[in-house]
Amino acid sequence: MMTMNPDFKKLQQRTKRYWYTDGLNEIAFGLICLILSLYFLAQVLLPQDSILSNLLTAGFVLLVLGSALLTRRIVTYVKERLTYPRTGYVSYAKSGTRQRWVTAFLAMVFAALITAFFATHPTSLAWMSAVSGSVFAAVWAVLGYRLGLPRFYFLAGAALILGAIPTLTGMQEILGLATFYGLISLAMFVSGGLALKSYLEHTHPATED
């Protein structure tokens, strides 16, 4: 049975970690979560039978996909002008891109199953923020392990705690989701901001060398 060379495994891990070294992805994901927080807050504040509330409900998937596509373009734009001139560009294999699409698809299926469960079990709505926090925690913990990034374990712990707060305090379900997404977005802004600050302090554009 063949085993992977430890040095090659570390190199592979370091190559994958490069995409997250500047903290921009956490900031971008935090922006998506902030948008979701505002979305759920609007659902709380608007009358349920209002036209705007119905439009928001119908456009939830478009909002999420649109936010994801927009932030991805923003991250790519900023990396081209900030990250690549400092530490170069890393081209990832097509298999890695395909794997990310498969992961995203599975995440969407899982989210759909969770939504369907809550829709058919109204008494479980009180656990929505806690379940969301657990899912976030699992994703960050796996990324932290696979990439060797300790700050992702901080995000995993924060997601668990922040997801439990609305549930344990008996907060209204949708307001609890708005609170959770708002707080987790703040945690990601802090984590990504500190990573970006450290990156800028320890790197310089090639023209300045």
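The values are calculated or read from the model by the stated rules, or taken from the named source; none is laboratory data. Just so we're clear, the structure is a prediction, and the values are computed from it rather than from any experiment. Every residue, glycine among them, receives a Cβ derived from its backbone with ideal geometry; neighbour counts consider all protein chains shown. Side chains are part of the model used for accessible areas, which takes the heavy atoms of the whole protein and leaves out ligands, DNA and RNA. Shrake-Rupley method; radii C 1.70, N 1.55, O 1.52, S 1.80 Å.
Below is a table of values for the structure above.
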{"quantity": "K197, K16, K79, reordered so the largest accessible area comes first (probe 1.4 Å)", "calculated": "K197, K16, K79"}
{"quantity": "Protection-proxy order for peptides 173-182, 38-47, each taking the mean of Cβ atoms within 10 Å per residue, highest first", "calculated": "173-182, 38-47"}
{"quantity": "Net charge contributed by nearby residues that have their C-beta within less than 10 Å of L194 (K/R +1, D/E -1)", "calculated": "+1"}
{"quantity": "Where W127, W140 fall by accessible area, highest first, once all protein chains stay in place (1.4 Å)", "calculated": "W127, W140"}
{"quantity": "At R0 = 30 Å, FRET efficiency that the Cβ-Cβ distance of I161 and A58 yields, to 0.05", "calculated": "0.35"}
{"quantity": "Spin-label model distance (nm) - T76 vs L38, 7 Å beyond Cα toward Cβ", "calculated": "2.3"}
{"quantity": "Percent carbon-and-sulfur accessible area, segment 163-206, ignoring ligands, DNA and RNA, probe 1.4 Å", "calculated": "72"}
{"quantity": "Net length gained if the chain between Y18 and Y84 were fully extended (0.36 nm per residue, minus Cα distance)", "calculated": "22.7 nm"}
